[in-house]
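The values are calculated or read from the model by the stated rules, or taken from the named source; none is laboratory data. Please read all numbers here as calculations on a predicted model, not as lab measurements. So basically every Cβ, Gly included, is an ideal-geometry build from the backbone, and we count neighbours across all protein chains shown. SASA here: full protein model, heavy atoms, side chains in, ligands and nucleic acids out. Shrake-Rupley method; radii C 1.70, N 1.55, O 1.52, S 1.80 Å.
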Amino acid sequence: MKKASLLATALLAALPAFANADAISDRLEGTWTETRQYKDYPRAVLHFEGQNLRLEHVFDEDATVEYKVTEQKDDDDFTITFEYWHKVKRGNGRIIDRRESRDYRYHVENGRPILSEMVFEYDGRGLIVFGEFLRKENFTDGFESELKKKLNSTKPVPTMMKME
């Protein structure tokens, strides 16, 4: 009887986490398009369905990965991450396994949901926004969030100091 009671307690404690995961996947559900066009490359597109994320034009080959929530401040601000392993041919012809990981921060500005790809710059700026995605129905070419403007406007630290 104690085991059944313990199991029931553990399941009840986990229910809010499952409900929260469903709420997050509902917020992400659908197609997200990158707001910036790079030369003549096709725009990256993210397709969320449940806990799966299908990536188009992100890597050499399209792929489907499972994402997870790694940080959550509130319902309108959380971070998802995923890992993707693929084979890469190096300059010497050797083929290696390469691990890619990405962090996307979901945030809302003026009622518009945004996914910002967060990267760490080692030039002294720290965390910056590398790219941004908007839902297909909210897409605006060249859009930049206030978060991106704020984080990316930080000046890098000089690598050399002039002595006088």
Show 49, 29, 132 ordered by accessible area, largest first, where the area counts protein heavy atoms only and the probe is 1.4 Å. 49, 29, 132
In Å², and per residue, what accessible area does the stretch 18-164 have when probed at 1.4 Å with the other protein chains present? 66
Taking 0.36 nm per intervening residue step and subtracting the Cα-Cα distance, what contour gain separates residue 39 from residue 110 on full extension? 22.6 nm
With all protein chains present, how much of the accessible area of the chain (probe radius 1.4 Å) comes from carbon and sulfur, to the nearest whole percent? 52
If you count only protein heavy atoms and use a 1.4 Å probe, how large is the accessible surface of residue 41, to the nearest 10 Å²? 140
Where nothing but the Cβ of Lys and Arg (+1) and of Asp and Glu (-1) is charged, how large is the charge dipole of the stretch 54-103 around its Cα centre, in debye to the nearest 20? 660
At a probe radius of 1.4 Å, what is the per-residue accessible area of residue 135, in Å² to the nearest 10? 30
Between the stretch 105-144 and the stretch 52-75, how many Å separate their Cα centres? 14
Note down the relative contact order for the stretch 8-164 as a percent, whole number, built from C-alpha pairs under 8 angstrom at least six residues apart. 17
Under the 0.36 nm per residue contour assumption, what length would be gained going from the current alpha-carbon distance of residue 49 and residue 136 to full extension? 29.9 nm
Add +1 for every Lys or Arg and -1 for every Asp or Glu among the other residues with Cβ under 10 Å from the Cβ of residue 152, and state the total. +2
Unit charges on C-beta of K, R, D, E only; dipole of the chain, Debye: 600
Gain on full stretching of the segment that runs from residue 83 to residue 164 - 0.36 nm per residue minus C-alpha separation: 24.4 nm
